[in-house]
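No lab work stands behind these numbers, since they all come straight from the coordinates. Remember, predicted model here, so these are calculated numbers, not experimental data.
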Amino acid sequence: MTPEEYQKLKEAEKEHLRKIRDLKKAQRSASRKSSVTKAVTGMATDMQDLFDEHGQMIERLQMDSALSEARMEVALDSVEMNSEVSEAQDAAELAKLEEEQKKARARDLINQMKQETGAVQQKNAPTSEPSPIDTKSEEKPLPEKTIGRMKP
């Protein structure tokens, strides 16, 4: 082999090694791009899954809050009904009390009028019939107390 052939062969080998090196660089670059693309695609898929899960959670929370609001409204309605019933009962009791007070006042007035008329009758014309007020005064007086029980 001549030195010229040797140099050509050497240059061809160098060229071949450069091409292999460039191909290896391209392969590494393509593999990096591929792994980055897979990672981005995986992240996008994961984000979409998270977004879907988030939407489902929000929907569940909305349903739970709607259910809780409905329960709260029913409870408030029952409380209002109970308060209305108790207010009606209170009003009825108040009316009864007022009625009893009126009756008591009427009785007091009647007793007062009887006392006044009885006192006027006694002054003007004493009667042989005892008045209902005087019946208490006609009870037999009890003797002074001695040792032991007193019998009426």
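Structure values in brief
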| item | result |
| --- | --- |
| Cα pair count fraction exceeding 20 Å, expressed as % - the stretch 44-126 | 71 percent |
| In order through the stretch 12-20: 3J(HN,Hα) via Karplus (6.51 cos²θ - 1.76 cosθ + 1.60), integer Hz, x for Gly, Pro | 5, 5, 4, 4, 4, 5, 4, 5, 5 |
| D_trans [Stokes-Einstein, Kirkwood Rh over alpha-carbon pairs] for the stretch 1-65, 4 °C, 1.567 mPa s, µm² s⁻¹ | 78 µm²/s |
